[in-house]
Amino acid sequence: MKRYSFLLTPTWLGWLAVCMVFCFACYLLGQWQLDRRESALEEINRIVANYDQDPVPYAEAQELFAEGSPEDEWTVVQMHGEYLWEDSLLARNRGHGGQVGYEQLVPFRESGTGDVVVISRGWLPTSSTDGSVPADNPVPPSGEVQAVVRLKPAEPEIDRGAPAGQLASINMGEYENQVGYSLVDGAYGLMAQEHPAPQEAPRQLARPALDEGPHLSYSMQWVAFGLLSFVGWWYAARLHRRNLDLEELDAAEGSYDDPLGATDPRVERQERTRLAKQLRRRESGKYSDEDAEDAWVEEHLVSSR
């Protein structure tokens, strides 16, 4: 280890500290990716558990809508009542199939409880001539309607304005301010089916994907990057030690009558490194008869080329 005593100098210890900080940062980034994977798996589990289940009556899901808990997302609920079309609004900047458009939001008065629940009936593309309005805004069925919806927690309020008749997010507080009466404010319903079926309806939003994403592989990559920093530090130390060996050999050439053939122009860099090691063994008293015989043989082999 004496040969690598330079690793205890401030410069090399400083680079080791940099490697440790970098490795710790990579560990934190890896944990961040694992947390994102955990969130994705929770969402997948909710979809699998709730999305395709038989609908439950609204009376049984009334508290779920009031609470709006993420664990109840995608619960299928059957409702009976009527749309309040005159109070419909549009949620703007909603993506669907790689395009940006609107979601049509219509309050729905549930006949059994009298609750008014906001239902998103689907997605509407923007007009080709005026991007600030949808291309069409189909009217929902009138009178008594049976609707099957999937529960979605209400969205938080965002600091962004919207034109008249539109919302920046599906936030029930903002909706109440525009219509002037109370709504079930924990969640809203995402349309699955309605009866009677209308002649024209918004496009249904796509089924959520069951994809956890590349978070696990990314976390492993970050850990690997952190460990590679120590490998790079040690490799740099090996190169530095090799350069020191060559410098020591060059310095010793003036003290010996070219005993190791170091001045031979045919001796390559690798050969000079080997000769430097022999020189160190000779100076330290560890140069044995076998080493001398090997050096004699190698010297004559080089001379005979």
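The values are calculated or read from the model by the stated rules, or taken from the named source; none is laboratory data. Note that this is a predicted model, so its numbers are computed, not measured. Positions of Cβ are generated from backbone atoms using ideal geometry, with glycine treated the same way; all protein chains shown enter the neighbour counts.
Of note:
- Filtered by the rule that a residue be aromatic (Phe, Trp, Tyr) and either without any contact (Cβ under 8 Å) to a residue 12 or more places away in the chain or closer than 30 Å to residue 66 by Cα (or both), the stretch 185-232 gives a lone residue, 188.
- Flag for residue 142 being free of Cβ contacts under 8 Å to residues at least 60 places away in the same chain and not acidic (Asp, Glu): no
- Check on residue 78, crowded, with 16+ Cβ neighbours inside 10 Å, more than 26 Å from the chain's Cα centre (by Cα) and more than 16 Å from residue 153 (Cα to Cα): yes
Matching residues to (1) surrounded by fewer than 19 Cβ atoms within 10 Å (Cβ to Cβ); (2) among the aromatic types (Phe, Trp, Tyr):
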position	(1), (2)
100	yes, no
108	no, yes
119	no, no
135	yes, no
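- In summary, residue 264 fulfils each of the numbered conditions (1) modelled with pLDDT under 65; (2) touching a Leu at 6+ places or on another chain (Cβ under 9 Å); (3) surrounded by 14 or more Cβ atoms within 10 Å (Cβ to Cβ) with the single exception of condition (2).
- Qualifying positions in the stretch 107-138 - more than 14 Å from residue 166 (Cβ to Cβ), free of Cβ contacts under 8 Å to residues at least 40 places away in the same chain and either touching a Lys or Arg at 6+ places or on another chain (Cβ under 7 Å) or assigned to a loop (DSSP other than H, G, I, E, B) (or both): 111, 114, 128, 129, 135
To keep it simple, each residue is scored yes or no on (1) part of a helix (DSSP H, G or I); (2) more than 30 Å from residue 47 (Cβ to Cβ); (3) among the hydrophobic types (A, V, I, L, M, F, W, C); (4) not assigned by TED's automatic domain parsing to the domain that holds residue 113.
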position	(1), (2), (3), (4)
182	no, yes, no, no
188	no, no, no, no
191	no, no, yes, no
207	no, no, no, yes
210	no, no, yes, yes
221	yes, no, no, yes
228	yes, yes, yes, yes
235	yes, yes, no, yes
239	yes, yes, yes, yes
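- Qualifying residues in the stretch 89-98 (those that are touching a residue at least 40 places away in the same chain (Cβ under 8 Å) and among the small types (Gly, Ala, Ser)) - the one surrounded by the most Cβ atoms within 10 Å (Cβ to Cβ): 91
- If you go through the stretch 45-84 and keep only what is among the aromatic types (Phe, Trp, Tyr) and in contact with a strand residue (DSSP E or B) (Cβ under 6 Å, 6 or more places away or on another chain), you end up with 58, 65, 74, 83.
- Selection over the stretch 165-179 of residues that are out of contact with any helix residue (DSSP H, G or I) (no Cβ under 9 Å at 6 or more places or on another chain) and either surrounded by 15 or more Cβ atoms within 10 Å (Cβ to Cβ) or in a loop (DSSP other than H, G, I, E, B) (or both) gives a count of 7.
- Among residues that are of a type outside the set (Ser, Thr, Tyr) and at pLDDT 95 or above, residue 116 is included.
- Residue within the stretch 63-74 that is in a strand (DSSP E or B) and in contact with a Gly (Cβ under 9 Å, 6 or more places away or on another chain) present: no
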